[in-house]
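The values are calculated or read from the model by the stated rules, or taken from the named source; none is laboratory data. Fair warning: this is a prediction, and the values are worked out from it, not measured in the lab. For neighbour counting, all protein chains shown are included, and Cβ atoms are generated from backbone atoms with ideal geometry for every residue, glycine included.
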Amino acid sequence: MNKKHFLVLVSFVLIALLLVACGGEAQVETVTVEVTRVVEVTAAAPADAAAPAAPAAEGITLQTVRERGTVKCGGNQAVPGFGYINPDTNEFEGFDIDFCKAVAAAALGDATAFEIRPTTANERFPVLQSGEIDVLIRNTTWTLSRDTQLGADFQPTTFFDGQGMMVRKDSGITDLAGLAGGTICVQSGTTTEKNLADVFRAQGIDFEPVVFDDADKTREAYDAGQCDGFTTDKSGLVSQQILLADPAAHTILDETMSKEPLGPLTRHGDNNWGDIVMWTVNCTFQAEELGIDSTNVDSFLGGDDPVVQNVLGETGDLGAGMGLSNDWCYQVIKQVGNYAEIYARNLGPDTPFNLPRGLNQQWTDGGLLYSPPFR
Ligand SMILES: N[C@@H](CCC(=O)N[C@@H](CS)C(=O)NCC(=O)O)C(=O)O
């Protein structure tokens, strides 16, 4: 044995930036938490060598999740299709909720071992920072300032979106310029609020924002005729449209005002947990690319394709590097499904939304979904 064991003192400082405004501007308080852990590591083997994997430096979040027995996700309860409470079952459902289930399947082997803490736009970052949740999965746009100033790490984008504008069909408005001099309902604490101001200023269009702090109030005000336009992510508009008194009386303009890459966030400083969420998302992409889904995954077991064997944990040690069992991705596929299944279940042709995949297709089909290799 040429393994040398030695102790490494790992200290890291989590700077928790508790913010009131989720847009990333209002810095209220700085909390410093110092965590000291002793980790045993095996003497370094050359990268990619066929040496046994070094044990994962299991992060604090994974330990907490294991002790608690559930993954706590910050979510949404106001956006049908993405995060909402099904009135028939009283259960949280949606595209974002399924990714929370996927993390629970990967981390605990049980997709039902999750809890949702619903959050408004304004409170979502503070609850991640304070440790009240383990991961935020709530139609949240990856921006530079959020990534670098909020103590958060963005994981792979699960839904590539853009900001849109809804108007009444009978208004005759067909483009943003048609809203000149009008009022626009918008939610505070969002990228939406800022993009609206920037895009309209750039195009020299005068408007009056009417601002609310949650989705229901914003939609209700628009529905009641308080605003000429209603703006948020296009996915959010499609979702809110079904809640309007007469959905067919409204239309979403063709123009896209911004890039809104939506995906999960973990706390900055816990790379192990960040890896788990990152590779859980990648697992759903990779499974779709390989044609593996919840209904056929068992038929792939025992095959001889090395990539499939790695994905399903039959060979290699890919789970161990994250402190997980090697069948973590199998559990995600079996219990929750691949990306296409998650998309179809929540947003596909059999739902009220029937959203085309657009940019959210595999890279092999001209989209942006691309998992790095499972190797
Ligand atoms: N993607 C944008 C907007 C996300 C957002 O918060 N959208 C609103 C409008 S659909 C929402 O989800 N509101 C739900 C709520 O506040 O309960 C962001 O990250 O700022």
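Of all residues in segment 198-223, count the ones that are part of a helix (DSSP H, G or I) and either charged (D, E, K, R) or within 16 Å of the ligand (Cβ to nearest atom) (or both). Summing the residues that are part of a helix (DSSP H, G or I) and either charged (D, E, K, R) or within 16 Å of the ligand (Cβ to nearest atom) (or both) in segment 198-223 gives 12. Of the numbered criteria (1) assigned to a loop (DSSP other than H, G, I, E, B); (2) surrounded by fewer than 16 Cβ atoms within 10 Å (Cβ to Cβ); (3) within 12 Å of the ligand (Cβ to nearest atom), the one Ser258 fails is (2). Reported count of residues in segment 290-335, each being surrounded by fewer than 18 Cβ atoms within 10 Å (Cβ to Cβ), under 18 Å from Val277 (Cβ atoms) and of a type in the set (Ser, Thr, Tyr), is 1. Among helices (runs of 4 or more DSSP H) entirely within segment 88-192, having at least 1 residues that are within 15 Å of the ligand (Cβ to nearest atom) and surrounded by fewer than 22 Cβ atoms within 10 Å (Cβ to Cβ) singles out 124-129, 144-149. Go through the residues of segment 347-370 one by one and say whether even a single one is under 15 Å from Ile276 (Cα atoms) and surrounded by 20 or more Cβ atoms within 10 Å (Cβ to Cβ). Within segment 347-370, not a single residue is under 15 Å from Ile276 (Cα atoms) and surrounded by 20 or more Cβ atoms within 10 Å (Cβ to Cβ). Candidates are the residues of segment 224-252 that are part of a helix (DSSP H, G or I) and more than 13 Å from the ligand (Cβ to nearest atom); the one that is farthest from Tyr84 (Cα to Cα) is Ala249. Between residues in segment 235-256 that are farther than 14 Å from Ser171 by Cβ and residues that are more than 16 Å from the ligand (Cβ to nearest atom) and modelled with pLDDT under 95, which pairs lie under 6 Å by C-beta distance while being six or more apart or on different chains? From residues that are farther than 14 Å from Ser171 by Cβ, there are no pairs. For Gly337, the requirement of being outside any helix (DSSP H, G or I) and closer than 13 Å to Cys283 by Cα is met.
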